[in-house]
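The values are calculated or read from the model by the stated rules, or taken from the named source; none is laboratory data. Since this is a predicted model, take the numbers as computed values, not measurements. Cβ placement follows ideal geometry from the backbone for every residue including glycine, while neighbour counts extend to all protein chains displayed. Note: accessible area is taken over every heavy atom of the protein model, side chains too, but ligands, DNA and RNA are not part of it. Shrake-Rupley method; radii C 1.70, N 1.55, O 1.52, S 1.80 Å.
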Amino acid sequence: MTNSNIYGPFELNETAIDKKVPKGIVGNFLLGEISHENIGFSVLSIGRSDTDLNQELKKFVGNYKHFQFSYAFSKYDAFYLECTHFHNFNELLRNGDKKNHPKPSDGCNWFCPVCGCQNYQD
């Protein structure tokens, strides 16, 4: 079961991350920016953390303006949601830094829940 609550958008800086994202949680994120008209969020990259979402997000400070995030109940749930985001935002991500399909956690042979593939590339 995945958590469908997506929190944000928030400014992507260490203060906001520490205030909004607890340390040591598994989860997913969307990186991008709020549109000029302030009516939507433009997704430029996606990702997940199987160990500490707070620390993973901090790796992108300075590269993107805003972030959204969601908690995951397990590593599989985080993978499931990252695959879903990858397929939902595929056209937008082709020019970003997430061109390849998300991979499962180390040591796991999970199939993508959207397309069924298991042929992951670097």
Inset, instruction - State which residue pairs qualify: first residue within 11 Å of Arg48 (Cβ to Cβ) and inside the stretch 78-90, second residue aromatic (Phe, Trp, Tyr) and not in a helix (DSSP H, G or I) in any location, beta carbons under 7 Å apart, and separation of 6 or more residues or different chains. - result: Phe79/Trp110
Inset, instruction - Tell me, yes or no, whether the stretch 41-50 has at least one residue that is crowded, with 22+ Cβ neighbours inside 10 Å, of a type in the set (A, V, I, L, M) and either more than 18 Å from Phe89 (Cα to Cα) or in contact (Cβ under 8 Å) with a residue 12 or more places away in the chain (or both). - result: yes
Legend entry - Residue, least open to solvent (accessible area, probe 1.4 Å), within the stretch 7-17, restricted to residues that are touching a residue at least 12 places away in the same chain (Cβ under 8 Å) and over 12 Å from Lys65 (Cβ atoms): Ile17
Inset, instruction - Confirm whether Lys75 is without any contact (Cβ under 8 Å) to a residue 24 or more places away in the chain and more than 9 Å from the chain's Cα centre (by Cα). - result: no
Inset, instruction - Kindly check whether there is at least one residue in the stretch 18-40 that is open to solvent by less than 20 Å² (accessible area, probe 1.4 Å) and not in a strand (DSSP E or B). - result: yes
Legend entry - Tabulated pairs, the stretch 23-40, first closer than 17 Å to Asn13 by Cα, second among the small types (Gly, Ala, Ser) and open to solvent by 10 Å² or more (accessible area, probe 1.4 Å), C-beta under 6 angstrom, 6+ apart or interchain: Gly32/Ser42; Glu33/Ser42
